[in-house]
Amino acid sequence: LTGNHEAFTETGISSYDGLVYPDGRLVAAHGPERNMMLYPAEARESQPVPGIAPSDRGIRWSEDGAALFVFTRGELPGKVFRVEVTTGERKLWKELSPSDPTGVEGLTGVRTTPDGSTFAYSYAQRLNDLYVVEGLF
């Protein structure tokens, strides 16, 4: 280790959903154009990940490192896809929804275990009361 800091991505990537590959040599993150890109830590050439839409949010790498789990924020039910990094093959992995979706506009965050068997998710729920008021005018 040299102690020097050197960027291995272009300026403007999203730090929100950067996903470090299991061996630490690669990072998947949205590039400046909102496309999911693979950034090798040792090289300067990034490559797009096929099969991932600009609106997809990364959750994590699969346990075998062959795929990324992604979802689209704000959808209900929230659909989690497993996207094969080399081919772009996209498979619906899981649908997530709270038991009472009243007032829920969509999922805001999703996390999963490395094998994709267990999920945790967050959402905002807005509940209001409406009243009839008579005699004001």
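The values are calculated or read from the model by the stated rules, or taken from the named source; none is laboratory data. Quantities reported herein were computed from a predicted structural model and do not represent experimental measurements. Here the Cβ is made from the backbone with ideal geometry for all residues, glycine too, and neighbour counts use every protein chain on show. Accessible surface is based on the protein model in full, side chains and every heavy atom, while ligands, DNA and RNA are left aside. Shrake-Rupley method; radii C 1.70, N 1.55, O 1.52, S 1.80 Å.
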The residue that is farthest from residue 29 (Cα to Cα), considering only those in the stretch 64-81 that are open to solvent by 40 Å² or more (accessible area, probe 1.4 Å) and assigned to a strand (DSSP E or B), is 79
| query | So is residue 110 within 13 Å of residue 62 (Cα to Cα) and either touching a residue at least 12 places away in the same chain (Cβ under 8 Å) or of a type in the set (Ser, Thr, Tyr) (or both) or not? | reply | no
Going residue by residue through the stretch 64-74, is there one that turns out to be over 28 Å from residue 123 (Cα atoms), charged (D, E, K, R) and free of Cβ contacts under 8 Å to residues at least 24 places away in the same chain? yes
Per the filter on the stretch 86-137, residues closer than 15 Å to residue 71 by Cβ, assigned to a loop (DSSP other than H, G, I, E, B), more than 14 Å from the chain's Cα centre (by Cα) and not hydroxyl-bearing (Ser, Thr, Tyr) are 98
Item to check | Residue in the stretch 49-68 that is farther than 29 Å from residue 13 by Cβ and either at pLDDT 90 or above or more than 17 Å from the chain's Cα centre (by Cα) (or both) present | outcome: no
Q: Report yes if residue 99 is small (Gly, Ala, Ser) and open to solvent by 80 Å² or more (accessible area, probe 1.4 Å), otherwise no.
A: yes
